[in-house]
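Everything on this sheet refers to the single structure shown next.
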Amino acid sequence: MSLDLTKVAAQVGSMVARLKASGEQRQRRLQKALDTLNNKSIDIEGLKNKIDSSQTTWLVPGLVDGLDLHYQPPPLPPEFTVIATDGSNIDVDRHQSTRCYLINIGAVVLDYGSNPQALLDSSPALYFGDEEMVIAADDKGRAQPIEGALLGIKRAVDECHRLAELAKELPKDSSALALLDGSLILWGLAGQTYPDFVTEALLVKGFLRHLEEIKRLNAERRLALASYISFPRSTDVVNALRVALCPHETIDTDKDCGECTMRECEAVAGVQDRELFGSTLAEGERSALFSSQSKIVRDHYGGHWVYFFYLRVDGEIARVEIPQWVAQDETLLNLTHGLVLDQCRRGQGYPVALAEAHEQAVVTGADRESFWQLVETLLIGEHLPTPTSAKSFSKRTRWV
C-alpha cells in the first residue's frame, strides 16, 4: 500500500504555517548575523585568540584571513583537466543467501582546451569472504563488520583511492583539479562510534594516504584537490559570530551558558552559513578561508588539515573543502576557485564532472535486485545452498 497523502495533508499544512510564523524571527537573526559579520570594529586577532582559548559545544572554525572578505573568480588556464569520482554500493543483506557487498566507483576525466576529450568509466568491486567482510585489529582478536554506515565510509576511501589513480595518469606540467563529492572529513569516524583500529585502517592508512599520494604529484604538475558540498547545512562561521557576540573573555559553554543571563549569542543562533553568505557574496565570488577545528581533524589529518570556503554559484551557496597544502598555496587555491566555478557553470549549478561520475556510479533498486538474482542463480548452478529468510521470500510474494 502506498502512502495516503490525504492523511498527511493536515500535518503538512500545520508545518507550513509554523514555518511562516517563524520567518520574521529568523530574518531578524540573519540580519544580526550580517551586522556582526560586517562589523569593522571587531578585532580579528583578538577573536582568533578568543576562539583558540574557548571550549564550546558547537563547532567553531579557525579564522585564516578574516570574516567578511570575498574574492573575485580568477582567470582560467588555457588548458586544464578535471577529474572526479563518486561511488555507490550494495550493502550486506542478512536476508540473502550469502554475505557479500559491492562498491561501484564512477570515474570521470574531462580535458579542456585545444584538444577536449572525456573519459567516463565505472569500476565495480565485489567483496566477500571472512577477510574482506571485516576490519581486523592487528592482534587478530577483534574485528568490525563492514556494513551499513561503515560501508559508506569504506566507499569514500575507495573513491579517494580511484581519484589518486586517475591523478597519477595526468600528464606532466598540466593544470588539474581533483574533485570529490561531500566532505573531506570522515565524520562517521568521529567520536567513539568505532574502535581506534577502524579509524587507523580507514582514515590513516586509507583516506589520508591517498590524499598524500595526490599531494606528491604536485612536484611535476599543478594539481589541486577539493570536495564539493551542495546546499550545506553547516553553521561554523555563524558559530564564530556567536563567540564574537559573547561578553565573556573566554568561553566554556558547559560552565558558562547555564548561568548566563544575557545570552547575546542567541541573537544569531539557528542561522546557517549559506544564508549568511547568500546575502554577501556576488555571483562567482568566494568567501574568506576558514579551517576546521573538529576533533577528528586535529587528531589525525596533520598536513591535510581541512580548510573551507563558501562559493556563490547561480543563486546557491556551496561549501568547498580543501586540504591545507591547497589552502596555503595561492596558485592551487585560485585554481580550485576558478575550476570549481567553471564546472558549476557548465553543469547548471553543480560540477559537471561530479554529476557524470555519479551517473557512472549509481546503483538502482533494479540493479540491486538483478545482482542478488545473479548471485542466487550462480549458487544454484554450482549446487550450493541458497538459504534466504522468510522475510525476504515474503517481500517477493503477493498475498492479497
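The values are calculated or read from the model by the stated rules, or taken from the named source; none is laboratory data. Just so it is clear, the model here is predicted, and its values are computed rather than measured. Note: ideal-geometry Cβ built from the backbone for every residue, glycine included; neighbour counts use all protein chains shown.
What to note about this one:
- Considering only residues in the stretch 165-182 that are out of contact with any Phe, Trp or Tyr (no Cβ under 8 Å at 6 or more places or on another chain) and crowded, with 22+ Cβ neighbours inside 10 Å, the one that is nearest to residue 341 (Cα to Cα) turns out to be 178.
- Here is the figure for the stretch 1-48: residues that are without any contact (Cβ under 8 Å) to a residue 12 or more places away in the chain, among the basic types (Lys, Arg) and over 22 Å from residue 247 (Cβ atoms) total 3.
- Selection of the stretch 115-135 for residues being over 25 Å from the mean Cα position of the chain (by Cα) and among the aromatic types (Phe, Trp, Tyr) yields only 128.
- Qualifying positions in the stretch 6-43 - surrounded by 13 or more Cβ atoms within 10 Å (Cβ to Cβ) and within 29 Å of the chain's Cα centre (by Cα): 26, 29, 30, 31, 32, 33, 34, 36, 37
- Residue check for residue 269: out of contact with any Ser or Thr (no Cβ under 8 Å at 6 or more places or on another chain) and either over 30 Å from residue 345 (Cβ atoms) or among the β-branched types (Val, Ile, Thr) (or both): yes
Okay, residues lined up against (1) within 29 Å of residue 211 (Cβ to Cβ); (2) of a type in the set (A, V, I, L, M); (3) in contact with a strand residue (DSSP E or B) (Cβ under 9 Å, 6 or more places away or on another chain):
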{"site": "51", "(1), (2), (3)": "yes, yes, yes"}
{"site": "60", "(1), (2), (3)": "yes, yes, no"}
{"site": "66", "(1), (2), (3)": "yes, no, no"}
{"site": "71", "(1), (2), (3)": "yes, no, yes"}
{"site": "76", "(1), (2), (3)": "yes, yes, yes"}
{"site": "80", "(1), (2), (3)": "yes, no, yes"}
{"site": "83", "(1), (2), (3)": "yes, yes, yes"}
{"site": "91", "(1), (2), (3)": "yes, no, yes"}
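- Qualifying residue in the stretch 327-343 (condition: surrounded by 17 or more Cβ atoms within 10 Å (Cβ to Cβ) and either at pLDDT below 95 or not in a helix (DSSP H, G or I) (or both)): no
- Extreme residue, modelled with the lowest pLDDT, among residues of the stretch 183-199 that are assigned to a loop (DSSP other than H, G, I, E, B) and in contact with a Lys or Arg (Cβ under 9 Å, 6 or more places away or on another chain): 191
- Residue count for the stretch 144-182 under the criterion of being out of contact with any Ser or Thr (no Cβ under 9 Å at 6 or more places or on another chain), assigned to a strand (DSSP E or B) and of a type in the set (D, E, K, R): the result is 0.
- For the stretch 247-268, a residue qualifies if it is surrounded by fewer than 16 Cβ atoms within 10 Å (Cβ to Cβ) and either aliphatic (A, V, I, L, M) or at pLDDT 95 or above (or both), and exactly one does: 262.
- The single condition from (1) surrounded by 18 or more Cβ atoms within 10 Å (Cβ to Cβ); (2) over 26 Å from residue 357 (Cα atoms); (3) in contact with a Leu (Cβ under 6 Å, 6 or more places away or on another chain) that residue 60 fails is (3).
- Some residue of the stretch 58-75 being touching a helix residue (DSSP H, G or I) at 6+ places or on another chain (Cβ under 7 Å), of a type in the set (Asp, Glu) and farther than 30 Å from residue 131 by Cβ: yes
- Subset tally (residues that are surrounded by 16 or more Cβ atoms within 10 Å (Cβ to Cβ) and polar (S, T, N, Q)) for the stretch 104-128: 3
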